[in-house]
1. List every residue whose amide H lies under 5 Å from the amide H of TYR128, counting only residues 5 or more places away in sequence or on a different chain, with H placed 1.01 Å from N in the peptide plane.
2. Give, in nm to one decimal, the length gained when the segment between GLU87 and LEU63 is fully stretched (0.36 nm per residue of separation minus the Cα-Cα distance).
3. Is the stretch 25-78 rounded, prolate or oblate when judged by the Cα gyration tensor, a ≥ b ≥ c being the square roots of its eigenvalues, rounded requiring a/c under 1.5 and prolate requiring a/b larger than b/c?
4. Just grab the label-to-label distance for ASP131 and LYS42, each label 7 Å out from Cα along the Cβ direction, in nm (one decimal).
Amino acid sequence: MKKGLIIVFGKDDIDFDNTIIFNVLNKQKVTICLVNNGNYNKVQQLLSSLKEVSDTNVFTLSLKKEKSLLSAVKAGVRSLVNKDDFETIIYTSPKDINHKNYNTKFIEAFSNSFHKRKDKRVLLRTLYAIDEVKNKIKGVNSLFHL
């Protein structure tokens with residue numbers, strides 16, 4: 001089973017320059033979906049350049065109109081699920097992974113296994129926000145298999 005990461009880019013995320021996260025996740029065998037939320041040309045150019053410098057499995061998805069974060073994430077989940085079967089999918093915005101401490105948090109998050117949620121739609125049972133993962137890593141490990 002694979003693990004996926006969805007990063008949703010909006011029109012204000014043009015200055016994203018954290019390519020270290022892609023190299024960190026390369027060893028974790030994570031598929032990354034970069035979502036251009038609103039089909040902005042400058043964001044699309046940024047996503048193309050991020051895809052080129054990355055050694056991981058990265059693909060981009062452009063949404064014609066700007067949608068809410070959750071709608072953009074659902075589109076990313078559908079794209080990931082159509083490509084393969086994923087055990088865990090974590091979503092975030094670029095602002096949340098620009099912190100230097102997140103490199104180790106991502107390694108911790110993707111090295112753990114998560115319980116599938118039974119109270120969500122089938123498509124979203126393996127979907128987790130990075131804030132949920134971060135809080136569970138700091139605190140109680142009830143989200144992870146022990």
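Laboratory data are not the source of any read-out in this text; all were calculated from the coordinates shown. Computed from a predicted structure; not experimentally measured. Glycine gets a Cβ as well: all are built from the backbone with ideal geometry, and neighbour counts include every protein chain shown.
1. ILE89, ILE90, TYR91
2. Numbers: separation 24, 0.36 × 24 = 8.64 nm, distance 2.47 nm.
In short, 6.2 nm is gained.
3. oblate
4. Those two pseudo-labels are separated by 2.6 nm.
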